[in-house]
Amino acid sequence: MNEATSSRRDFLKTSGATALGALAFPHILSAAPNTQTLRIGLIGCGGRGTGAAKEALNADSNTAVVALGDLFEDRLAQGLDALRKHAPDRVRIDKARCFLGFDAYRKVIASDVDVVLLATPPAFRPQYLKAAIEAGKHVFAECTAGVDAPGIRSFLRSAELAESKRLGILSGFCWRYDNSARAALEQIRAGAIGKIRAVYATYHRQGFNKYYGKERRPEWNDLQWQIRDWGDFLWLGGDFCINLSGGHSVDKMAWWLNDVMPIKAVGVGGRQFPGEGDTFDHAQINYEYADGIRGFLGVRSQDGCHRENADYIIGATGVCTIGRGPAPVITGVNSWTFTGKRTRMHQVEHDEFFASIRSGRPINDGRRMAHTTLMALMGRMAAYTGQEITWEQALNSKQQLVPDELDWNTKIELTPPPQPGQTKFV
């Protein structure tokens, strides 16, 4: 470690002593010292990864992207070109810091970076987070935390290690950084709808072929195709419909309910439209809580259908609705409508994350990200098997979807789409 690197590490550990503000009001942390350049490494150079890197650059004027990693050369080149157009003077990358292959993540992490952005398919999230935290890096982890219970258990261990090392983990579950949703939560906490009785969350969206599943090229082998079309394959995405779309929704559900986790779930679902993948394209999950509250999740990923991404928080004296109009509203005894100007939550989360790093008190979303991902996975397990699944069962599941080691010769044996009543819980 050279002198400049050591100086930067010391700054990141000790700057909290002179920082202004507190994490309760993260927007004021921009007053913290900004004398050291924070060096960013991006792993996964697709659209979301490139977007996260742009947001990181926007969040702090003294940041630079210095390393890129991806499995595919075309994706890396596209990401690099987009970033250079966005901030040409702060994308400081030469060929030696462009890494390809299954070990690219290790090379990015080892490239004298301070912050790592993880934006690969979710299958790789636990492994990459573990490597980054052990190496002493702050991490942005795009949703979700993983695709199976072993991955979630690993993610939880990494979040705990990050806490002990005063490292930050920013979650890609971004709705908690939306200012209109935060304003609605303040109203709920103040009693505007009375005691919450139930929450109904929807994520009804178009099919994923708009983003993935485009025409396969003859030169791609099965593994290359699966990773490029990862939303269709259980081992890579954990079920895009339930785990990723539904993950966003249950993260909000947990937020409304003070991050108390449900005790069990039942679910229904299936695959309406044929395809080569092994996941569902629609599901309904019923979560039961210890105090009798119910949470309902409806997800669908089908073209030509009604679209909605909404939350209905149903209380004893009113209902808060978010997503059915331009602003959150409360109807009932205490009517309310959000009248402020909405900010862009994807940018706000990075603004607050980098400000918290500057303060020496970095945000750590790791535990809640793992828990809400597990909540989505519990719903998937219930829908796939047709059985009632408890939180303890989900957390301790032995089903491992992701191979321990991968190379381009690895053969992934795909199973048919789940059959409730026949598919067994593992």
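Odds and ends about this structure:
- Pairs, first basic (Lys, Arg) in region 395-413, second at pLDDT 95 or above, C-beta under 7 Å, six or more apart: Lys398/Val426
- Output for region 102-118, where each listed residue is farther than 17 Å from Val402 by Cα and part of a loop (DSSP other than H, G, I, E, B): Ala110, Ser111, Asp112, Val113, Asp114
- Scanning region 353-372 finds no residues that are among the aliphatic types (A, V, I, L, M), surrounded by fewer than 17 Cβ atoms within 10 Å (Cβ to Cβ) and either under 21 Å from Phe124 (Cβ atoms) or modelled with pLDDT under 95 (or both).
- Boolean, Arg92 is among the charged types (D, E, K, R), in contact with a helix residue (DSSP H, G or I) (Cβ under 7 Å, 6 or more places away or on another chain) and without any contact (Cβ under 8 Å) to a residue 40 or more places away in the chain: no
- Scanning region 139-160 for any residue that is surrounded by fewer than 24 Cβ atoms within 10 Å (Cβ to Cβ) and farther than 30 Å from Val426 by Cα turns up nothing.
- Taken over region 300-337, the criterion of being within 15 Å of Ile196 (Cβ to Cβ), surrounded by fewer than 16 Cβ atoms within 10 Å (Cβ to Cβ) and of a type in the set (Gly, Ala, Ser) is satisfied by Ala316 alone.
- One residue stands out in region 84-101 among those that are of a type outside the set (A, V, I, L, M, F, W, C) and in a loop (DSSP other than H, G, I, E, B): the one that is surrounded by the fewest Cβ atoms within 10 Å (Cβ to Cβ), namely Asp94.
- In the condition set (1) surrounded by fewer than 23 Cβ atoms within 10 Å (Cβ to Cβ); (2) within 30 Å of Leu414 (Cβ to Cβ); (3) at pLDDT below 95, Gly277 is compliant with all but (1).
- Qualifying residue in region 358-368 (condition: more than 28 Å from Ile242 (Cα to Cα), of a type in the set (S, T, N, Q), assigned to a strand (DSSP E or B) and touching a residue at least 12 places away in the same chain (Cβ under 8 Å)): no
- Per-region count, region 184-218, residues out of contact with any strand residue (DSSP E or B) (no Cβ under 8 Å at 6 or more places or on another chain) and surrounded by fewer than 18 Cβ atoms within 10 Å (Cβ to Cβ): 12
- Complete set of residues in region 287-299 that are within 13 Å of Arg197 (Cα to Cα) and touching a strand residue (DSSP E or B) at 6+ places or on another chain (Cβ under 9 Å): Tyr287, Glu288, Tyr289, Gly292, Ile293, Arg294, Gly295, Phe296
- Just one of (1) over 24 Å from Asp365 (Cβ atoms); (2) in contact with a strand residue (DSSP E or B) (Cβ under 6 Å, 6 or more places away or on another chain); (3) of a type outside the set (Val, Ile, Thr) fails for Phe102. It is (2).
- Checking each residue in region 117-139 for being within 12 Å of the chain's Cα centre (by Cα) and hydroxyl-bearing (Ser, Thr, Tyr) picks out only Thr120.
- Qualifying residue in region 213-223 (condition: without any contact (Cβ under 8 Å) to a residue 40 or more places away in the chain and either polar (S, T, N, Q) or within 25 Å of Leu257 (Cα to Cα) (or both)): no
- For the residues Gly207, Gly231, Gly194, the requirement of being farther than 20 Å from Ala370 by Cβ and touching a helix residue (DSSP H, G or I) at 6+ places or on another chain (Cβ under 7 Å) singles out Gly231.
The values are calculated or read from the model by the stated rules, or taken from the named source; none is laboratory data. This one's a predicted model, so the numbers in the text were calculated from it and none came from an experiment. As a convention, Cβ positions derive from the backbone with ideal geometry for all residues, glycine included, and neighbour counts pool all protein chains shown.
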